[in-house]
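Just so it is clear, none of the values below were taken in a lab; they were calculated from the coordinates. All of these numbers come straight from a predicted model, not from anything done at the bench. Glycine gets a Cβ as well: all are built from the backbone with ideal geometry, and neighbour counts include every protein chain shown.
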Ligand SMILES: NC(=O)c1ccc[n+]([C@@H]2O[C@H](COP(=O)([O-])OP(=O)(O)OC[C@H]3O[C@@H](n4cnc5c(N)ncnc54)[C@H](OP(=O)(O)O)[C@@H]3O)[C@@H](O)[C@H]2O)c1
């Protein structure tokens, strides 16, 4: 039996950095949304919004994936940087196919198709290939480093020590505000925009900055001295271990930091402006907007 068109968009990772922005922006532009929730008590922030239905999901429990994708038209897919994501994506895509999903917008990573492949790029590219092979219409959003990492990963030391620590020397990195990634996703998921189908977009802001330059902008906008401290790979590994990261993820991030040090992470694209029609948010504006979380 042919599925009815109910215009519902399922957002996975809906309580995370990118997914929560996608949910908020889709809801405020009048869409019907299913927010897939992994940890129950994190659903509270959506419960007063009538445009948002809550559905439970655990990628490791296939029955929850099948339930979440039931009666869904489009999917914003956030997966986790882990080595078993390709198995999880295979199951997700199988269910998406059963439910005749009309469009999958997958959050990927900048350089997912680059050679030589990186640990994180490879896992995202394998997931992308699973989607390509399914025959379902897709768009891959491949962002550079999130500006929001300054809150989620470096926020604690910025608040408590006025410093953040990375083994990146003066290498530059293209940063992007997740609000811009979400805006691009909303354009692509809204209406019938076939021009975005079966395409991949590298997503960056307007500028590549070294972490030293980012520290100068943080200091100016927050009116206090914030220092970037270059550290050894060993110290970085120890710090990430203390944060509870797996060895797989630590190796993947140290590889990325090496790429930044070598000056190969400074690529800038025009995708945000091409898709949304406006310039991406600059880092100084991000710092102004998130000054409370950084103080
Ligand atoms: N950070 C960067 O600079 C960067 C740059 C480019 C690409 N990326 C990519 O962006 C993605 C991460 O996005 P993000 O930062 O928005 O993620 P995030 O903030 O870490 O959020 C992850 C989301 O996934 C949910 N989740 C965790 N385990 C789950 C499971 N077993 N089943 C279902 N859902 C689960 C989490 O829910 P709970 O919190 O309830 O567990 C949360 O909603 C990764 O694929 C990464 O490679 C990141």
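Quick rundown of the values:
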quantity: 291, 183, 134, 232 arranged by Cβ crowding within 10 Å, fewest neighbours leading; calculated: 232, 291, 134, 183
quantity: Nearest 10 degrees, 0 to 90: helix 178-189 Cα axis against the chain principal axis; calculated: 20 degrees
quantity: Chain lengthening between residue 216 and residue 270 when straightened (0.36 nm per residue, less Cα-Cα); calculated: 16.9 nm
quantity: Exposure proxy order (Cβ contacts within 10 Å, fewest to most) of 254, 10; calculated: 254, 10
quantity: Inter-centroid distance (Cα atoms) of region 217-295 relative to region 3-58, Å; calculated: 27 Å
quantity: Taking the C-alpha atoms of region 54-123, convex hull volume expressed per residue in Å³; calculated: 92 Å³
quantity: Between 0 and 90°, nearest 10: helix 247-261 axis offset from the chain longest Cα axis; calculated: 60 degrees
quantity: C-alpha long axis of helix 233-242 to longest principal axis of the chain, angle in °; calculated: 50 degrees
quantity: Gaussian network model of the chain, Cα within-10 Å springs - most flexible of 145, 262, 208; calculated: 262
quantity: Cα centroid separation - region 84-133 against region 160-190, whole Å; calculated: 21 Å
quantity: Label-point separation in nm, residue 47 to residue 243, each point 7 Å along Cα→Cβ; calculated: 3.1 nm
quantity: Residue 295-residue 61 pseudo-label distance in nm [points 7 Å out on the Cα-to-Cβ vector]; calculated: 4.2 nm
quantity: Quotient of C-alpha Rg and 2.2 N^0.38 Å, computed over the chain; calculated: 1.00
quantity: Extension gain, residue 70 back to residue 28 (0.36 nm per residue minus Cα-Cα distance, nm); calculated: 12.8 nm
quantity: Proxy reagent accessibility, fewest Cβ within 10 Å first, across 152, 15, 8, 168; calculated: 152, 8, 15, 168
